[in-house]
Protein chains: 2
Amino acid sequence: MDVCLSPALIHLYDVEKYVVVIIDIFRATSSICYGIDNGADAIIPVAEVEECLVYKESHPEYLVAAERNGEVVKGFDFGNSPFSYSREKVAGKTVVLTTTNGTQALHLSRKAKQIVIGSFLNLTALSDWLKTTNENILLVCAGWKYNFNLEDTLFAGAVIEQLKGGGYVLDDPALAANDLYQLGKEDIKAYLKKTSHSERLKQLGIEDDIAFCLNIDITTAIPVLTDTKLVKLIA
Amino acid sequence: MDVCLSPALIHLYDVEKYVVVIIDIFRATSSICYGIDNGADAIIPVAEVEECLVYKESHPEYLVAAERNGEVVKGFDFGNSPFSYSREKVAGKTVVLTTTNGTQALHLSRKAKQIVIGSFLNLTALSDWLKTTNENILLVCAGWKYNFNLEDTLFAGAVIEQLKGGGYVLDDPALAANDLYQLGKEDIKAYLKKTSHSERLKQLGIEDDIAFCLNIDITTAIPVLTDTKLVKLIA
């Protein structure tokens with residue numbers, strides 16, 4: 001089991017050989033897990049606001065989600081807050097979600113055997129499923145502007161923790177991720193408060209989102225990529 | 001103060017704005033620190049054995065160092081063991097050293113304000129000097145085959161530890177490096193035993209080298225890059 005600490009390192013792995021877990025804790029993969037668990041038919045992650053609009057033109061029934069500087073982009077249904085992915089809003093719907101880091105990570109992993117989505121929200125369900133795969137597992141941290149970030153790495157460490165005892169060989173990034181998780185696990189929110197990223201998110205006024213994204217095991221769905229759409233994995 | 005966890009991430013930093021510390025604990029930067037401290041006039045790091053030979057042709061007086069699979073390359077003066085950089089062998093000499101990861105990191109950092117070399121051997125001398133620079137500091141981990149490794153990251157964390165209280169703002173990789181150092185500092189050798197890299201080095205039969213590279217503060221020289229050569233910094 002390996003951990004790719006940033007999309008800029010993914011060329012170092014033969015992604016074809018792996019089941020890949022995409023991790024973008026604040027907030028894309030948390031929102032995706034919540035939305036799929038709440039009955040969204042599909043979530044389509046895109047990198048640019050303009051791509052959202054192209055989807056909306058051909059599929060007016062789609063919901064489109066995009067933010068700029070913490071504000072919902074004009075004409076869009078909602079932003080990137082996980083609270084927007086409630087059952088009332090997304091059940092039976094397809095959502096096109098704009099996310100830079102998460103989309104990069106997905107795109108760069110597209111040759112993987114399978115791509116699933118992880119967050120603290122579905123930690124145990126995801127880990128239990130990973131134990132059954134019998135495939136090499138690569139945990140891909142979407143990071144922040146192509147660089148390492150603590151929250152995604154900590155979550156990778158949490159998955160490793162759940163898979164311990166399964167005979168997995170860990171690469172150095174995986175060892176580090178799990179060690180960092182040991183330091184943070186007692187109070188993840190407090191641990192992450194020191195990060196610069198956390199400070200930036202605070203300034204965006206999305207502290208409630210952050211707290212929500214650190215809820216553990218409030219969902220059980222595992223979003224899986226099929227073609228361009230994330231849908232609920234039928235295990 | 002920032003930490004670049006791998007040469008593959010260095011494009012994310014404006015190296016022009018930094019004093020850069022190159023870190024390749026097993027074994028290049030440890031050998032370089034030891035050699036310069038032991039009176040080598042200069043050490044020239046190169047990526048390929050063939051480059052060594054080009055230097056040797058134009059400068060027959062240079063010592064050349066290269067290894068393949070743990071053995072000294074035929075016709076070379078010595079390999080990459082720090083024990084080869086003793087005063088008896090290198091004082092007053094110029095050494096051309098073949099090192100893949102370290103040379104990559106140096107090359108990619110070449111636009112920095114200044115490039116110095118760090119290892120556990122010169123930890124405190126280096127840190128004390130860094131405190132006086134009044135420049136942004138970037139600790140560049142040479143890593144292993146362009147990816148993150150624990151030993152270089154741990155050393156970055158050790159430097160950060162020494163500079164604590166200096167008002168430095170740390171990026172996420174720096175926070176992680178320092179946290180990992182907290183986990184490993186009581187017994188760095190034991191901490192690093194779990195890494196795959198350590199296992200690989202063990203198979204090369206260079207356990208004595210590894211133990212030596214973890215000696216703290218047995219040297220005081222700070223190697224600095226001038227043009228293509230590493231020489232002793234005159235502070």
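Between residue A:71 and the same site in the other copies, what are the distances in nm, shortest first, taking label points 7 Å from Cα along the C-beta direction?
Values, ascending and in nm: 6.9.
Just checking the output field for A:171-182: average partner chain Cβ neighbours within 10 Å of each residue's Cβ?
So the per-residue partner count for this stretch is 6.
For segment B:1-22 and segment A:1-78, what is the centre-to-centre distance using only Cα atoms, to the nearest Å?
What the calculation gives is 29 Å, centre to centre.
If you restrict to DSSP beta bridges whose two residues both lie in the protein assembly as shown, what percentage is antiparallel, to the nearest 5?
In the protein assembly as shown, DSSP labels about 30 percent of beta bridges as antiparallel.
Where both residues lie in chain A, what percent of DSSP beta bridges are antiparallel, nearest 5?
30 percent
In terms of modelled amide H atoms, which long-range or inter-chain residues lie less than 5 Å from the amide H of residue A:230?
Placed amide hydrogens put A:43, A:44 under 5 Å from residue A:230.
So who's got an amide H within less than 5 Å of the one on residue B:64, skipping anything under 5 residues away but keeping other chains? H placed 1.01 Å off N, in plane.
HN-HN under 5 Å from residue B:64: B:77, B:78, B:96.
For residue A:193, place a label point 7 Å from Cα along the Cα-to-Cβ direction in every copy; what are the distances to the other copies, in nm, shortest first?
3.7
Which parts of segment A:84-127 would a label at residue A:220 reach, counting a residue when its backbone N lies under 11 Å from a point 7 Å out along Cα-to-Cβ?
A:125
Kindly compute the accessible surface that chains A and B hide from a 1.4 Å probe when together, both sides summed, and give it to the nearest 100 Å².
Interface area, both chains combined: 2000 Å², rounded to the nearest 100.
In percent, what relative contact order does chain A have, based on Cα pairs under 8 Å that are 6 or more apart in sequence?
For chain A, the relative contact order is 34 percent.
Between residue B:113 and residue A:133, what FRET efficiency follows from the Cβ-Cβ distance if R0 is 51 Å, with the result rounded to 0.05?
0.60
Just tell me how shielded A:137-147 is by partners: mean number of partner chain Cβ atoms within 10 Å of each residue's Cβ, no decimals.
2
What is the Cα radius of gyration of segment B:119-218 over 2.2 N^0.38 Å, N being its residue count?
My calculation over the Cα atoms of segment B:119-218 gives 1.09.
Within segment A:62-91, name every residue whose backbone N is under 15 Å away from a label modeled 7 Å from Cα of residue A:53 along the Cβ vector.
A:64-68, A:73-77
Tabulate in residue order the Karplus-calculated ³J(HN,Hα) for segment A:214-227, using 6.51 cos²θ - 1.76 cosθ + 1.60 with θ = phi - 60°, rounded to whole Hz; enter x for Gly and Pro.
9, 5, 9, 6, 8, 10, 10, 5, 10, x, 10, 7, 10, 6
D for chain B, whole µm²/s, Stokes-Einstein with Kirkwood Rh over alpha-carbon pairs at 20 °C and 1.002 mPa s: what number?
123 µm²/s
Distance check, please: which entries in A:194/B:193; A:89/A:202; A:164/A:185; A:202/B:185; B:111/B:189 exceed 27 angstrom between their Cα atoms?
The answer is A:194/B:193; A:202/B:185; B:111/B:189.
Of all accessible surface on the protein assembly as shown at a 1.4 Å probe, what whole percent is carbon and sulfur?
After summing per-atom areas, the C and S share lands at 49 percent.
With every protein chain present, what is the per residue accessible area of the protein assembly as shown (1.4 Å probe, Å²)?
So the protein assembly as shown comes to 41 Å² accessible per residue, rounded to a whole number.
Which distances, shortest first and in nm, link residue B:60 to the matching position in the other copies, using label points set 7 Å out along Cα to C-beta?
8.7
Do the sum for the protein assembly as shown: with -39,500 (n - 2.57) for every DSSP H run of n ≥ 4, divided by all residues, what is the mean residue ellipticity at 222 nm, to the nearest 500 deg cm²/dmol?
Per the formula, -10500 deg cm²/dmol.
At a threshold of 8 angstrom on Cα-Cα distance, excluding pairs fewer than six apart, so keeping six or more, what relative contact order does segment B:1-86 reach in percent?
The normalised contact order for segment B:1-86 reaches 26 percent.
The values are calculated or read from the model by the stated rules, or taken from the named source; none is laboratory data. These figures come from a predicted structure and were not determined experimentally. All Cβ positions, even for glycine, are placed from backbone atoms using ideal geometry, and neighbour counts span all protein chains on display. We work out accessible area using only protein heavy atoms, side chains counted, and drop any ligands, DNA or RNA first. Shrake-Rupley method; radii C 1.70, N 1.55, O 1.52, S 1.80 Å.
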